[in-house]
Amino acid sequence: MNLFAKSSTSISGEVVCPGDKSISQRALILGSILNEDISIEGFLNGEDPISTANALNAIGSSITVNGTSVSIKKRHIPFKKPTTEVDLGNSGTGMRLMMGLISSLDIEATLIGDESLTKRPMLRMANPLNDMGATISCSEGKPPVKIYPGKVIDNFTYEMPIASAQVKSGIILSALAANKNVTVIEKHPTRNHTERMISHFHGNIESIPYKAGNKIIYSPSKLIPSKSYRVVGDFSSAAFLIVAGLIAKESNIVIKNVGLNPTRCGLIDVLKSMGGSIEIKNEKVISYEEVGDIHVRSSALKGVSISGDVIPNIIDEIPILSIAAAFAEGETSISDAEELRVKESDRLQAISDGLIKINVSHQLYNDGIKITGSSQDIVDSAEIDSHGDHRIAMSFLIASLRSTNGVFVKDCKNIFTSFPHFIEVMKTLGIDVDER
Ligand code: S3P
């Protein structure tokens, strides 16, 4: 699917943020481990969470998805060996979290994914799980991932060499499903939805500040289900709309129900430091997650320099931050972000390739990018390749707000993995995006 976004100068309106992808996937997995009848509301009915739901059903869960509502029924038999390979599609989170869960279930399974997922590193998850007693093999460190019955040990401690919420969560889920104690040390804080959801279900988990990061200690505990779990909106999806509101010539938009967990929304501070007019209203807490409405107005942005601890917090937002940087006066420098090279695409390369097509001057580094922005509009845009990456596709479509002739992006089908109603939401705000 190729998309063309027409140029538009003025956007306005109120939209509701789609459900959080990370939280939706965790709710499916924890809901399946809980093994009681529970429902999930506000679920992201996108391809990634659906891949995770299908994977869980393949090992014996009973999950039914109906729009943004999910019902998980109590299982009367143990988890079972799937009859075929389990396909996690485009979802790195789905694959790594399912590796954690399946590694403790005493069953055999082979996990596969699409072309992009088949290129992504899985040893970061397989190695600590194997040290923990699992038996997992990969193909040159990548999927297919084969999991064999293993015996997870008690009191395993793991200090993560990289900042990864997926790895942290995979280890915790493995210990939780095996009823074992585990400690994970993260050098930099990463998103803590797994820890918060376990607390929400009254599990025994503690996160203690440790050096520059956290020590997370889980002890076996009976989780107590609440009848219904409500998923808050996905900050990473809201980020596209926030930047749209900032760079549009005239704008006044409200994004409702946006998840504001501090381990996720560092982009707000970054954009405010660039001069962005962003206001948060109606703040509350739902299912142990902060949520609020975000009000955005057009702003004259200036460049900024970011590195270090903030990077894991904004890792999924760097593609759209690069678009904000392209229209900000001066230089924006992003470093310590080499993890971007192993996301759904090599995102640093994909950002650079796209910026070349819209004539934005920049310098690409191994661990980041320096973008020289200007308040000038894009006059010509050649075809942009999304590299099959949802966040790259949406980022460059948003750049159309500052173009004279619109922006064409190839291969946008993966937008459905995380933001299935992106086109409708764009239209509600006054941005014309259509298939071409
Ligand atoms: C995620 C963690 C991050 C993020 C990904 C979702 C999660 O990945 O980039 O989109 O749900 O835990 P890493 O854990 O690899 O940093």
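What follows draws every value from the coordinates through simple rules; no lab data is involved. Treat the numbers as computed from the prediction; the structure is a model and nothing was measured. For neighbour counting, all protein chains shown are included, and Cβ atoms are generated from backbone atoms with ideal geometry for every residue, glycine included.
May I ask for the Rg/Rh ratio of segment 1-145, computed from Cα atoms with Rh as the Kirkwood radius, given to two decimals?
Values: Rg = 17.3 Å, Rh = 16.5 Å.
We get a ratio of 1.05 for segment 1-145.
Please report the equivalent ellipsoid semi-axes of segment 10-86, computed as sqrt(5 x eigenvalue) of the Cα gyration tensor, largest first, in whole Å. Spell out each step's value before the answer.
Working: eigenvalues 156, 36, 14 Å².
They are 28, 13, 8 Å, listed from largest to smallest.
Sorted from largest to smallest, which semi-axis lengths in Å does the alpha carbon gyration tensor of the chain give for its equivalent ellipsoid, taking the root of 5 times each eigenvalue?
Numbers: eigenvalues 263, 94, 86 Å².
That gives 36, 22, 21 Å for the three semi-axes.
For the pair Y210/E41, report the inter-label distance in nm, with labels modelled 7 Å from Cα in the Cβ direction.
Each label point is offset 7 Å from its Cα along the Cβ direction, giving 3.7 nm.
Please rank Y210, Y229, fewest neighbouring Cβ atoms within 10 Å first, as an exposure proxy.
On the way: Y210 14, Y229 27.
Ascending number of Cβ neighbours within 10 Å: Y210, Y229.
Report, in listed order, any pair from K119/K151; K187/K215; K21/K215; K187/K284 with a Cα-Cα distance greater than 19 Å. Show your work: numbers first, answer last.
Numbers: K119/K151 28 Å; K187/K215 9 Å; K21/K215 25 Å; K187/K284 29 Å.
Violating the 19 Å Cα-Cα cut-off are K119/K151; K21/K215; K187/K284.
How much of the pair distance distribution for segment 118-161 lies past 11 Å, counting alpha-carbon pairs only, in percent?
Values: 603 of 946 pairs.
Of all Cα-Cα distances in segment 118-161, 64 percent exceed 11 Å.
Ranked by Cβ crowding within 10 angstrom, fewest neighbours first, how are I23, I147, I280 ordered?
On the way: I23 30, I147 24, I280 15.
With the fewest neighbours first, I23, I147, I280 line up as I280, I147, I23.
What aspartates and glutamates does K73 reach when the alpha-carbon gap must be under 14 Å and sequence neighbours fewer than 8 apart in one chain are set aside?
E36, D37
Taking a ≥ b ≥ c as the square roots of the Cα gyration tensor eigenvalues, with a/c under 1.5 meaning rounded and otherwise prolate when a/b beats b/c, else oblate, which class fits segment 271-334?
oblate
What's the tally of Lys pairs in segment 304-436 whose alpha-carbon atoms lie under 21 angstrom apart, where the two lysines are 8 or more places apart or on different chains? If you can, show how the numbers build up before the last one.
On the way: K343/K370; K343/K410; K343/K413; K357/K370; K357/K410; K357/K413; K410/K427; K413/K427.
Eligible lysine pairs with Cα atoms under 21 Å apart amount to 8.
Given contacts defined as C-alpha pairs under 8 Å and at least six residues apart, what's the relative contact order of segment 1-111, whole-number percent? It would help to have the intermediate numbers written out before the result.
Numbers: 144 pairs, mean separation 27.3, N = 111.
Relative contact order of segment 1-111: 25 percent.
Under 8 Å for C-alpha pairs, at least 6 residues apart: give me the relative contact order for segment 148-303, rounded to a whole percent.
Numbers: 280 pairs, mean separation 30.0, N = 156.
For segment 148-303, the relative contact order is 19 percent.
Looking at the square roots a ≥ b ≥ c of the eigenvalues of the Cα gyration tensor of segment 316-398, which shape do they give, rounded for a/c under 1.5, prolate if a/b is larger than b/c, or oblate? Walk me through the intermediate numbers first.
Details: a/c = 1.82, a/b = 1.18, b/c = 1.54.
Here segment 316-398 falls in the oblate category.
Among M426, M160, which comes first, second and so on when ranked by fewest other beta-carbon atoms within 10 Å? It would help to have the intermediate numbers written out before the result.
Details: M426 26, M160 19.
Sorted ascending by nearby Cβ count, the order is M160, M426.
Quick one: if the Förster radius is 30 Å, what FRET efficiency do K81 and E115 give, using the C-beta to C-beta distance and rounding to 0.05?
On the way: r = 26 Å, r/R0 = 0.88.
Efficiency, from the Cβ-Cβ distance: 0.70.
Can you pull out the GluC sites (Glu not before Pro) in segment 335-415 whose DSSP state is coil and whose Cβ has at most 15 other Cβ atoms within 10 Å? Don't skip to the answer; put the middle values down first.
Values: sites: E338, E339, E344, E383; in loops: E344, E383.
Passing sites in segment 335-415 are E383.
Summarise the long-distance tail of P(r) for segment 82-224 by giving the % of C-alpha pairs beyond 25 Å. Don't skip to the answer; put the middle values down first.
Values: 2373 of 10153 pairs.
I get 23 percent for the Cα pairs in segment 82-224 exceeding 25 Å.
Could you check how many percent of all C-alpha pairs in segment 169-310 are farther apart than 20 Å? Write out the running numbers ahead of the final one.
Working: 5642 of 10011 pairs.
More than 20 Å apart: 56 percent of the Cα pairs in segment 169-310.
Taking K281 as the anchor, which lysines have their alpha carbon closer than 19 Å to its alpha carbon, excluding any fewer than eight residues away along the same chain?
Result set, ordered by chain and number: K256, K272.
When the convex hull of the Cα atoms of segment 207-279 is projected onto a plane and the area is averaged over all directions, what value comes out in nm²? Intermediate results must be reported in sequence, preceding the final value.
Details: hull surface 30.0 nm².
So the Cα hull casts an average projection of 7.5 nm².
Note down the Stokes-Einstein diffusion coefficient of segment 272-377 in µm²/s, whole number, using a Kirkwood radius over alpha carbon pairs, 25 °C, and 0.890 mPa s. Working shown, then result.
Working: Rh = 14.8 Å.
This corresponds to a translational diffusion coefficient of 165 µm²/s.
Which values, in whole Å and largest first, are the semi-axes of the equivalent ellipsoid of segment 61-117 obtained as the square root of 5 times each eigenvalue of the Cα gyration tensor?
Working: eigenvalues 80, 63, 20 Å².
For segment 61-117, the semi-axes come out at 20, 18, 10 Å.
What three numbers, in Å, describe the spread of the alpha carbons of segment 119-199 along their principal axes, ordered from the longest?
34, 26, 20
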